[in-house]
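The values are calculated or read from the model by the stated rules, or taken from the named source; none is laboratory data. Remember, it's a predicted structure, so these values are computed and weren't measured experimentally. Because the Cβ atoms are built from the backbone with ideal geometry, glycine has one as well, and the counts that use them run over all protein chains shown. For accessibility, only protein heavy atoms count, side chains too; no ligands or nucleic acids. Shrake-Rupley method; radii C 1.70, N 1.55, O 1.52, S 1.80 Å.
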Amino acid sequence: MADIMVMNEIDATASRLGIDQSQIDLDSIRLPPGENFGIISDDEDVYEDDQLEFESGFGNIIVVDNLPVVPKEKFEKLEGVIRKIYSQIGVIKDDGLWMPVDPQTYKTLGYCFIEYNSPQEAELAKEKTNGYKLDKAHIFAVNMFDDFDRFMKVPDEWAPPEFKPYTPGENLQQWLTDEKARDQFVIRAGSDTEVLWNDARHLKPEPVYKRTYWTESFVQWSPLGTYLATVHRQGAAVWGGANTFNRLMRYAHPQVKLIDFSPGEKYLVTYSSHEPSNPRDANRVVINIFDVRTGKVMRDFRGSADEFAVGGTGGVTSWPVFRWGGGKDKYFAKLGKNMISVYETETFSLIDKKSLKVENVMDFSWSPTDPILSLYVPELGGGNQPARVSLVQIPGKEELRQKNLFSVSDCKMYWQSIGDYLAVKVDRYTKTKKSTYTGFELFRIKERDIPIEVLELDNKNDKIIAFAWEPKGHRFAVIHGDSPRPDVSFYSMRTAHNTGRVSKLTTLKGKQANALFWSPSGRFIVLAGLKGFNGQLEFYNVDELETMATAEHFMATDIEWDPTGRYVATAVTSVHEMENGFNVWSFNGKLLYRTLKDHFFQFLWRPRPPSFLTPEKEEEIAKNLKKYSKKYEAEDQDVSMLLSEQEREKRKMLKDEWEKWVNEWKLLHEEEKLERQELRDGEASDEEEEYEAKDIEVEEVLDVTEEVLPFDD
């Protein structure tokens, strides 16, 4: 989006100056030496690497040894096999595959040279194919061309390696030790990306780090908040540090469009799709899985868009293509046609070397905490075989529970954040097939035999607008009914007598809401009216079943709680042309501060890792909260006094400025007294008392209309 805005400005400037951009050769433009026009490049080290590669000239060439020795008539066939293997890894340059032959016998010599577009592709080709078994007699030995020079310089006598003392790296979690217990967030506006502290006590954000052109499309925090990822044409990068943001690692993936972290931040998945050079090929999709710390490609997937589309050929590619499971970085899975492919990260291969075959499977999702898959299969055979939702244990692929569903129109699965419950929203056809109604199948995952309970709304014909579980809790909220004033109902999976039955807590009638945002710590929820509802907000306490506040952030597009559940941010992004920026609210709906930003694109709170405190310790702190809160109450009072003092200073400064301005005008008035007297023919008449005010009334006839009225006897 930022690139679009910059191009629009360039187009406008060119039009104003009468310049035809189509006649300009951009490649011919050269900046003066040392001039960057104020734009700091992120790629100085890339430039240096390119210079080194230019000097040696061979950084993107590999040597493949142990090829078959074949006669002239089999040369093209062998060359085609080699090209097919290595073109899957990267783009081979024109005339970039050279296989030498013996000038006497015209047989190949058993090795070849392959030149890629980039050194990264060459390194990946070496890593992926060294040891590749073509057949029993030919196992590839692959080396970088530049390595031969290093091999030739190996000394004859062994020398012990140089000892380097250990130097500890930066503490990437330093921000968690903030004495004020503040949280950070990142924003993107225009060409700037900025990380700030949420300093709610001082009612303003405090800058941490700002950079222009930090990313070319978007930024993304890692799930535990350790890294900030940026996306560029050449690939992705992650940043972090103790007191600033340094680049920690780069991941080469040309034209990358999307990225995704594994839950434990060990792996980064990157995605790109592009039109192939050969028009007969389908659109090419490339997905790489990198080790975040080392930058090493652990596994790559390549193919047509149809191979990665939901439902197979003609389907839509859903991101993320690979979904991580079990709450740990141990398994990831992809939905395919009539199968779910589950991989493990020890070898990055399929579990049991085969996919899980499930005919007509349409969707699946992982438990957030356990290696359990929930999958949905629609009806088959015109309704003769019912739809079903199944729970499958990984890695054994054992079916834990299955529920058959009849007359199903659509089905969606919602896991509770700690995996205790699974809600399945089922849209069913009525007997006439002319309309649908909705109900819920509620799975109690942690209970014996995984009991299932059916929940229907009081009016089962109500349309379900939104559903959301309370994080780490037993309650959920549903928006149902017809716009513009649907109802909001709250339910609990527990009851006062612990009967194991779901119970309704309350229904709020006629709310201007179409989205639900629970606090990460539960208890509080924001009922939001986005898009057509123009940013209506209601802050609701579910424990007390009462509204704490109502407010409005006109045209709000995004709402996000901070990771502690203390503050809520609402934002208006550049999908609207006006009122771009963000507001920060307290958990109970008090507006703390507002920040306006033109061309506002993103607001993201920095996630926090799970607490190291045991549940017992957290409970002990909650019981003795008054003891702990004394310190912070004293700090809050100090801040309040400071703010009051600052406010007094501000008012005094404004008063002094006003008095100074009045005195300047009085002085000027006195200096011009003689000029006024001359203009009045010598009369000194500055005082108001010398004038007499009279009220004069003037009457004027504007119009006269004559109308004859009939007289009835």
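From the list LYS330, LYS337, the lone residue that is in contact with an Asp or Glu (Cβ under 7 Å, 6 or more places away or on another chain), closer than 26 Å to MET298 by Cβ and open to solvent by 50 Å² or more (accessible area, probe 1.4 Å) is LYS330. Within the stretch 280-299, restricting attention to residues that are among the hydrophobic types (A, V, I, L, M, F, W, C) and part of a loop (DSSP other than H, G, I, E, B), which residue is modelled with the highest pLDDT? Among them, the one singled out is VAL292.
Let me confirm something: among ALA556, ALA569, ALA551, which residue is among the aliphatic types (A, V, I, L, M), in contact with a Leu (Cβ under 8 Å, 6 or more places away or on another chain) and under 18 Å from LEU203 (Cβ atoms)?
Of the residues listed, the single one that is among the aliphatic types (A, V, I, L, M), in contact with a Leu (Cβ under 8 Å, 6 or more places away or on another chain) and under 18 Å from LEU203 (Cβ atoms) is ALA551.
When the stretch 384-396 is filtered for residues that are surrounded by 16 or more Cβ atoms within 10 Å (Cβ to Cβ) and outside any strand (DSSP E or B), the ones remaining, listed by number, are PRO386, ILE394. If you go through the stretch 147-167 and pick out every residue that is open to solvent by 60 Å² or more (accessible area, probe 1.4 Å) and either under 24 Å from PRO68 (Cβ atoms) or part of a helix (DSSP H, G or I) (or both), you end up with 5. Among the residues that make up the stretch 203-225, is at least one of them of a type in the set (Phe, Trp, Tyr) and not in a loop (DSSP other than H, G, I, E, B)? Checked the stretch 203-225: at least one residue is of a type in the set (Phe, Trp, Tyr) and not in a loop (DSSP other than H, G, I, E, B). Where strands (runs of 3 or more DSSP E) sit wholly within the stretch 569-655, those with at least 1 residues that are touching a helix residue (DSSP H, G or I) at 6+ places or on another chain (Cβ under 7 Å) occupy 600-605. Out of VAL361, VAL342, one residue alone is crowded, with 18+ Cβ neighbours inside 10 Å, in a loop (DSSP other than H, G, I, E, B) and at pLDDT 90 or above. It is VAL361.
The residue pairs whose first member lies in the stretch 124-137 and is open to solvent by less than 50 Å² (accessible area, probe 1.4 Å), whose second member is of a type outside the set (Ser, Thr, Tyr), and whose beta carbons are closer than 6 Å, counting only pairs six or more residues apart or on different chains, are LEU124/ILE89; LEU124/VAL297; ALA125/ILE62; ALA125/ILE89; THR129/PHE140; THR129/VAL142. Close Cβ contacts (under 8 Å, 6 or more residues apart or on different chains) running from residues in the stretch 320-336 that are under 15 Å from TYR271 (Cα atoms) and among the aromatic types (Phe, Trp, Tyr) to residues that are open to solvent by less than 10 Å² (accessible area, probe 1.4 Å) and assigned to a strand (DSSP E or B) comprise PHE322/VAL269; PHE322/ILE287; PHE322/ILE289; PHE322/PHE332; PHE322/ALA333.
Looking at this structure, is ASP410 surrounded by fewer than 17 Cβ atoms within 10 Å (Cβ to Cβ), within 29 Å of the chain's Cα centre (by Cα) and either over 19 Å from PHE517 (Cβ atoms) or modelled with pLDDT of 95 or more (or both)? It is true that ASP410 is surrounded by fewer than 17 Cβ atoms within 10 Å (Cβ to Cβ), within 29 Å of the chain's Cα centre (by Cα) and either over 19 Å from PHE517 (Cβ atoms) or modelled with pLDDT of 95 or more (or both). Among the residues making up the stretch 437-455, those that are open to solvent by less than 60 Å² (accessible area, probe 1.4 Å) and under 23 Å from VAL488 (Cβ atoms) are TYR437, THR438, GLY439, PHE440, GLU441, LEU442, GLU453, LEU455. The condition of being hydrophobic (A, V, I, L, M, F, W, C), assigned to a strand (DSSP E or B) and surrounded by fewer than 17 Cβ atoms within 10 Å (Cβ to Cβ) does not hold for LEU422. In summary, PHE75 fulfils each of the numbered conditions (1) part of a helix (DSSP H, G or I); (2) closer than 30 Å to VAL285 by Cβ with the single exception of condition (2).
All of THR564, THR570, THR595 fail the test of being touching a residue at least 24 places away in the same chain (Cβ under 8 Å) and closer than 19 Å to GLY529 by Cα, apart from THR570.
Give the stretch 591-603 a look and list any residue that's touching a Phe, Trp or Tyr at 6+ places or on another chain (Cβ under 9 Å) and open to solvent by 10 Å² or more (accessible area, probe 1.4 Å), or say none.
Across the stretch 591-603, the qualifying residues are LEU591, LEU592, ARG594, THR595, LEU596, LYS597, PHE601, GLN602, PHE603.
With respect to the conditions (1) under 24 Å from the mean Cα position of the chain (by Cα); (2) under 27 Å from GLU577 (Cβ atoms); (3) in contact (Cβ under 8 Å) with a residue 24 or more places away in the chain, ALA551 lacks only one, and its number is (1). The sole residue among LEU625, LEU592 that is under 30 Å from VAL542 (Cβ atoms) and in contact with a strand residue (DSSP E or B) (Cβ under 7 Å, 6 or more places away or on another chain) is LEU592.
Per this entry, SER367 is not counted among residues that are in contact (Cβ under 8 Å) with a residue 24 or more places away in the chain, surrounded by fewer than 18 Cβ atoms within 10 Å (Cβ to Cβ) and of a type in the set (S, T, N, Q).
Kindly indicate which of LEU709, LEU625 is of a type in the set (A, V, I, L, M, F, W, C), closer than 30 Å to LEU592 by Cα and at pLDDT 75 or above.
LEU625
Among the residues of the stretch 183-230, those that are buried (at least 21 other Cβ atoms within 10 Å of the Cβ) and either under 27 Å from ASN117 (Cα atoms) or without any contact (Cβ under 8 Å) to a residue 24 or more places away in the chain (or both) comprise TRP214, THR215, ALA229, THR230.
Looking across the stretch 425-436, the residues that are open to solvent by 50 Å² or more (accessible area, probe 1.4 Å) and not in a strand (DSSP E or B) come down to LYS431, THR432, LYS433, LYS434, SER435. In the stretch 68-83, the residues that are over 17 Å from ASP95 (Cβ atoms) form Cβ pairs under 9 Å with partners that are surrounded by fewer than 16 Cβ atoms within 10 Å (Cβ to Cβ) and of a type in the set (Asp, Glu), at six or more places apart or across chains, as follows: PRO68/ASP135; VAL69/ASP102. Which condition from (1) within 30 Å of PRO223 (Cα to Cα); (2) surrounded by 10 or more Cβ atoms within 10 Å (Cβ to Cβ); (3) not aliphatic (A, V, I, L, M) is the one that LYS652 breaks? Evaluating LYS652 over (1) within 30 Å of PRO223 (Cα to Cα); (2) surrounded by 10 or more Cβ atoms within 10 Å (Cβ to Cβ); (3) not aliphatic (A, V, I, L, M) leaves (1) as the failure.
In the set VAL292, VAL256, VAL286, only one residue is under 30 Å from SER304 (Cβ atoms), touching a residue at least 40 places away in the same chain (Cβ under 8 Å) and not hydroxyl-bearing (Ser, Thr, Tyr); that residue is VAL292. Within this structure, GLY522 fails the test of being among the small types (Gly, Ala, Ser), open to solvent by 20 Å² or more (accessible area, probe 1.4 Å) and not in a strand (DSSP E or B). The numbered conditions (1) at pLDDT 95 or above; (2) over 30 Å from ASP636 (Cβ atoms); (3) not acidic (Asp, Glu) are all true for ARG233 except (1).
Restricting the stretch 373-383 to residues that are touching a strand residue (DSSP E or B) at 6+ places or on another chain (Cβ under 6 Å) and open to solvent by less than 40 Å² (accessible area, probe 1.4 Å), the residue that is farthest from PRO320 (Cα to Cα) is PRO378.
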